[in-house]
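Take a look at the structure below.
The values are calculated or read from the model by the stated rules, or taken from the named source; none is laboratory data. No experiment lies behind these values; they were computed from the predicted model shown. Neighbour counts are summed over all protein chains in view; Cβ atoms, including those assigned to glycine, are modelled from backbone coordinates with ideal geometry. Remember, those area values only see protein heavy atoms, side chains included, never the ligands or the DNA or RNA. Shrake-Rupley method; radii C 1.70, N 1.55, O 1.52, S 1.80 Å.
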Amino acid sequence: MNKVLFLGPENERIIRYLAKIGHSVKVIQRVITEEDIKEYDYYISFGYTHIIPYSIIKLVKMQIINIHISYLPWNRGTSPNLWSILSDTPKGISIHQIDEGIDTGPIYVQKEIIFEENDTLRTSYNKLITLAEDVFIENWENIRDGKICAISQKGKGSYQSTQDTDKYQYLLIYGLDTPISLIKQMVMREQC
């Protein structure tokens, strides 16, 4: 039985899938240490809010795989869903290797998505999460078995920090239920 260290909030659907195909899974949300990584065959990060130090990345047996809700190289870092709307960049998900940068590692699989005008930040986020789960489940065994090669990211893309995102919180008049169309209208007004 292969052992998987899952970094981030517990994702029931992915964990059930991993168990179904014979993996045992341990979930960690806190900052990981060298001690944490010693006993695992695979490392998967999804929604993990801590930066993994390069000293740990280079110690793992296999690459740490990250499931990111942006269409890399666009919207690396925090709040990728919001930034794809604010900057009108491609929307989607990417499954990639973690390297010493933030969301800069080579990509295994990507999938683009188009949001509906009546989507809110919440519904678009939920669509991204579902898409990420679907794409991971579809491709994990091929990634794990080396049947899909990771390809370096192309283009400059974009990166946003928490501080960048904080400047735009005022746009979220209804919190996560703010319609995407309203956010776009407010951004366009500001640009005039």
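Assorted remarks:
- Residue match in segment 63-75 (condition: out of contact with any strand residue (DSSP E or B) (no Cβ under 7 Å at 6 or more places or on another chain) and either on the phi > 0 side of the Ramachandran plot or without any contact (Cβ under 8 Å) to a residue 60 or more places away in the chain (or both)): no
- Flag: I28 matches the condition of being open to solvent by less than 50 Å² (accessible area, probe 1.4 Å), free of Cβ contacts under 8 Å to residues at least 24 places away in the same chain and out of contact with any Cys (no Cβ under 8 Å at 6 or more places or on another chain).
- Considering the conditions (1) over 18 Å from Q97 (Cβ atoms); (2) polar (S, T, N, Q); (3) in a helix (DSSP H, G or I), N142 is excluded by exactly one of them, (1).
- Residues in segment 124-137 that are buried (at least 16 other Cβ atoms within 10 Å of the Cβ) and either over 13 Å from the mean Cα position of the chain (by Cα) or among the charged types (D, E, K, R) (or both): S124, K127, E133, I137.
- Test: residue in segment 109-121 that is open to solvent by less than 30 Å² (accessible area, probe 1.4 Å), part of a loop (DSSP other than H, G, I, E, B), within 25 Å of Y159 (Cα to Cα) and of a type outside the set (V, I, T): yes
- Boolean, K20 is more than 20 Å from the chain's Cα centre (by Cα), modelled with pLDDT of 95 or more and more than 15 Å from F6 (Cα to Cα): yes
- Sole residue being polar (S, T, N, Q), out of contact with any Gly (no Cβ under 7 Å at 6 or more places or on another chain) and under 22 Å from D41 (Cα atoms), chosen from N118, N139, N126: N139
- Output for segment 71-102, where each listed residue is more than 18 Å from Q163 (Cβ to Cβ) and among the polar types (S, T, N, Q): S84, T89, S94, Q97
- Residues in segment 149-192 that are on the phi > 0 side of the Ramachandran plot and surrounded by fewer than 11 Cβ atoms within 10 Å (Cβ to Cβ): G155, G175.
- Residues of segment 176-190 classified as touching a residue at least 40 places away in the same chain (Cβ under 8 Å), farther than 11 Å from I85 by Cβ and of a type outside the set (D, E), total: 1
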